[in-house]
Every structure is written in structure tokens, then in C-alpha cells.
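Data first, discussion second: the structure below is written as C-alpha cells.
Derivation of every value follows stated rules applied to the coordinates shown; laboratory data play no part. Computed from a predicted structure; not experimentally measured. Quick reminder, even Gly has a Cβ in these numbers, built from the backbone with ideal geometry, and neighbours come from all protein chains shown.
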Amino acid sequence: MVTTTHSGKKIKYLRGHDVTKIPFLIYNDDKITDRKEQTKILAETWDNTFKIQTNNANWANMNKVTNWINNNTSKIAPYKKANMTRLGAGDSLTSPISTNDITYYIKKKKRPQANPK
């Protein structure tokens, strides 16, 4: 169905939206339409999502790690600026790259690639 407004614009209505559907929530394979029941289910779901479980077997380990992180934030916080002096040769996070390595990979990148057939 198409309607023309007083300004000449045409509005085309979408089909299949004649009947108002009641919003529902699926819980245990049931459609819950009551707003109070939906609110109760959603509150319970979020409550269980963010529940702190103190009877966790790893609780002591989790506390130990959390405490270490809290006490050592200065060691693990990112630096605001890069500094080449922090990239020492003996650092396990850095590996030396020679100028020969750089030259080799630049030449390799510029070489024409073989066409696989």
C-alpha cells in the first residue's frame, strides 16, 4: 500500500506488520510475555553473570595474581613514550636484526612473485 502525503512524498508501508506482536522472552523453552516475569528472569540472569564465587578452588591463586598485579603496576604499565635504551640486546623480547637481514628482505619483497598454476 502506498500513501501520498500533502507535500507529495510517497510512503510505502511494509507488509506483514498489521498485527502487533507481544514481545516475549524465551526461558526454558517457554515464551514469557509477562513484563514482571521477564524483569525477574533478566535480573536473575545478570545477578548470576556477575556473582562473585568465593568457594572457587582457585580463589587463593586468583588472589595471589591479583595482589601481584596491584603491587607491581609500575612494572607492567606501558610507557608513555618509546625509548630505544629500554630495548637492550639481552632482553628476551627483542631480537637483533642486522642490516644484511633488512637488505635481504627488501630485495625478496621486490622480486617478482612466481604465478602458481
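Tabulated data for the structure shown
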{"item": "Pairwise label distance in nanometres, residue 24 with residue 73, each label 7 Å out on the Cα-Cβ vector", "result": "4.9"}
{"item": "Spin-label pair residue 35/residue 12, simplified geometry with 7 Å Cα→Cβ offset, distance in nm", "result": "3.5"}
{"item": "Full-stretch length increase - residue 81, residue 43 - with 0.36 nm per residue and alpha-carbon distance subtracted", "result": "9.2 nm"}
{"item": "Long-range HN-HN contacts of residue 32 with modeled amide H, under 5 Å", "result": "25, 26, 27"}
{"item": "Relative packing of peptides 101-112, 71-82, 23-34 - highest average C-beta neighbours within 10 Å first", "result": "23-34, 101-112, 71-82"}
{"item": "Anchor residue 51: lysines whose Cα lies under 19 Å away (excluding residues fewer than 8 positions away in-chain)", "result": "40"}
